[in-house]
Amino acid sequence: MGLDQFVTAHKTARATARMLSDLDDEGLSVTEFLNGDASDVLVRVNVPVAQFRKFNALHGFISKLHATKMGDGYLGHGLVDNDSCTPYDITNMLDDLGTVVDIIQKEPDKAKLMFPPTEGFFFGSMEVDEGYWEDVQELKELVPKLRDLVDNGFTIEYMGWY
């Protein structure tokens, strides 16, 4: 039990005949509800991109940044009320993530101020230790890949489950 985090990319695409056939095979026929051509069916394509475990600084940063940008439910300690399993669209936050990671890697003494560990039930360590820096490095390597996905029409979502 703890904080499990998922980064996914998604976009809408036209359903293929094979997709519709597979849905029919699963008993989820959509063609009987269509007024037009089956090629008008759009599907959301989800691609799992990354997974973290107890990277609480990332969760707090995204939650706080989302609340700041969207003005919703920020509790003042890095979390939005009841945000477990709430997907955050982070497509427009990638520059913020990239910038903060670059700064704290160059100036580690700023980590607790700019990208602090976030307290939460089963969120893990509150220390800026070796595990913290390993997660930060993984995030640094992930951000350019996420930008490439955005350049190819994908939207990026983050979700924490705890």
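Just so it is clear, none of the values below were taken in a lab; they were calculated from the coordinates. Since the model is a prediction, treat every value here as computed from it, not as a measurement. Neighbour counts run over all protein chains shown; Cβ positions are idealised from the backbone, glycine included.
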| Under 17 Å from Lys110, Cα to Cα: lysines that are on another chain or at least 8 residues apart | Lys140
| Separation of segment 115-155 and segment 3-33 by C-alpha centroid, Å? | 29
| task | Using a/c under 1.5 as the rounded threshold, could you call segment 80-149 rounded, prolate or oblate? The axes a ≥ b ≥ c are square roots of the C-alpha gyration tensor eigenvalues, and prolate needs a/b larger than b/c, oblate otherwise. | result | oblate
| task | Out of all DSSP beta bridges with both ends in the chain, state the antiparallel percent to the nearest 5. | result | 100
| Given the chain, what whole percent of its Cα pairs are spread farther than 29 Å? | 30
| field | Qualifying GluC sites (Glu not before Pro) for segment 90-136 [loop in DSSP, other Cβ within 10 Å: at most 10] | value | Glu127
| Can you give the helix-only mean residue ellipticity at 222 nm for the chain, where every DSSP H stretch with n ≥ 4 adds -39500 (n - 2.57) and the sum goes over all residues, rounded to the nearest 500 deg cm²/dmol? | -12000 deg cm²/dmol
| What's the FRET efficiency of Ser125 with Thr155 using the Cβ-Cβ distance as r and R₀ = 30 Å, to the nearest 0.05? | 0.45
| query | Which FRET efficiency value, to the nearest 0.05, is calculated for Met70 and Lys140 with the Förster distance at 35 angstrom and r the Cβ-Cβ distance? | reply | 0.90
| Taking a 18 Å limit on the Cα-Cα distance, which of the listed pairs Lys54/Lys112; Lys69/Lys145; Lys64/Lys112; Lys11/Lys69; Lys11/Lys145 fall beyond it? | Lys69/Lys145; Lys11/Lys69
| Extension gain (nm, one decimal) between Phe6 and Val45, 0.36 nm per residue minus Cα-Cα | 12.5 nm
| query | For Asp102, what charge total do you get from the other residues with a beta carbon under 13 Å from its beta carbon, if Lys and Arg give +1 and Asp and Glu give -1? | reply | -1
